[in-house]
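The values are calculated or read from the model by the stated rules, or taken from the named source; none is laboratory data. All values derive from a computational prediction rather than experimental measurement. Note: ideal-geometry Cβ built from the backbone for every residue, glycine included; neighbour counts use all protein chains shown.
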Amino acid sequence: MRRVDAPIAIKTRYYVGMSQDKRLNVERVIQLISDGKPLREALSEIGISAGAFNHVLQGARDLAQAYARAQEIRSDLLADEIITIADCEQTDPARARNQIQARQWLTSKLHGKRYGDRLDLNVSQSLDVSVTLAEARARLLRPVSDQLTIDHDETLAIPPEITSKPSD
């Protein structure tokens, strides 16, 4: 488990068109997010716009991966906060429930694989088709003389079309 105060290791590469200052600012934002701060707070603390942050992430794959990992770490911290809020006896129950639900929702969005809702698609009902299979096998084993044969010359009697009258 990673220590909260330990920095996230980011392989440093400089890309054409990206200043070193922008890259360092984005690395600081990512570090603040991994410490549990929301993105908006981290961006305002460092002094970088959301558009500039996203532009740098689009140009640097290693930073994008570090940002994704920081979001996962933040979701783990939020999950820890849920336990702390639930264990606190001094908090108003309605407020605590609201705080817990908000953090549960956010963790499910930040790290859906771990905290997201899972749909159970397993079928627990069993079907017995043995009777149907036995009847089909019996039809196959009957002698041919018992089976109906229709010559190609015969015409089949097709029932007349039923005309329905509209009901009241």
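Regarding L78, is this residue of a type in the set (A, V, I, L, M, F, W, C) and modelled with pLDDT of 95 or more? No: the conditions fail for L78. Contact map, region 38-66: first residue closer than 14 Å to S19 by Cβ, second residue of a type in the set (S, T, N, Q) and assigned to a helix (DSSP H, G or I), Cβ cut-off under 7 Å, separation 6 or more or different chains; pairs are I48/N25.
The rows are residues; the columns are (1) modelled with pLDDT under 75; (2) closer than 30 Å to Q71 by Cβ; (3) acidic (D, E).
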site	(1), (2), (3)
L110	no, yes, no
L119	yes, yes, no
V123	yes, no, no
V131	no, no, no
A138	no, no, no
P143	yes, no, no
I162	yes, no, no
S167	yes, no, no
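Taking the criterion of being more than 25 Å from the chain's Cα centre (by Cα), assigned to a helix (DSSP H, G or I) and not small (G, A, S), the residues of region 33-52 that qualify are E41, L43, E45, I46. Regarding region 63-71, can at least one residue be identified that is part of a helix (DSSP H, G or I), modelled with pLDDT of 95 or more and surrounded by fewer than 12 Cβ atoms within 10 Å (Cβ to Cβ)? No; the residues of region 63-71 include none that is part of a helix (DSSP H, G or I), modelled with pLDDT of 95 or more and surrounded by fewer than 12 Cβ atoms within 10 Å (Cβ to Cβ).
Return yes when S49 is out of contact with any Asp or Glu (no Cβ under 9 Å at 6 or more places or on another chain), within 30 Å of V29 (Cβ to Cβ) and surrounded by 12 or more Cβ atoms within 10 Å (Cβ to Cβ) and no when it is not. Break it down stepwise before answering.
Working: out of contact with any Asp or Glu (no Cβ under 9 Å at 6 or more places or on another chain): yes; within 30 Å of V29 (Cβ to Cβ): yes; surrounded by 12 or more Cβ atoms within 10 Å (Cβ to Cβ): no.
Here the answer is no, as S49 does not meet what is asked.
Flag: A79 does not match the condition of being among the small types (G, A, S) and over 18 Å from the mean Cα position of the chain (by Cα).
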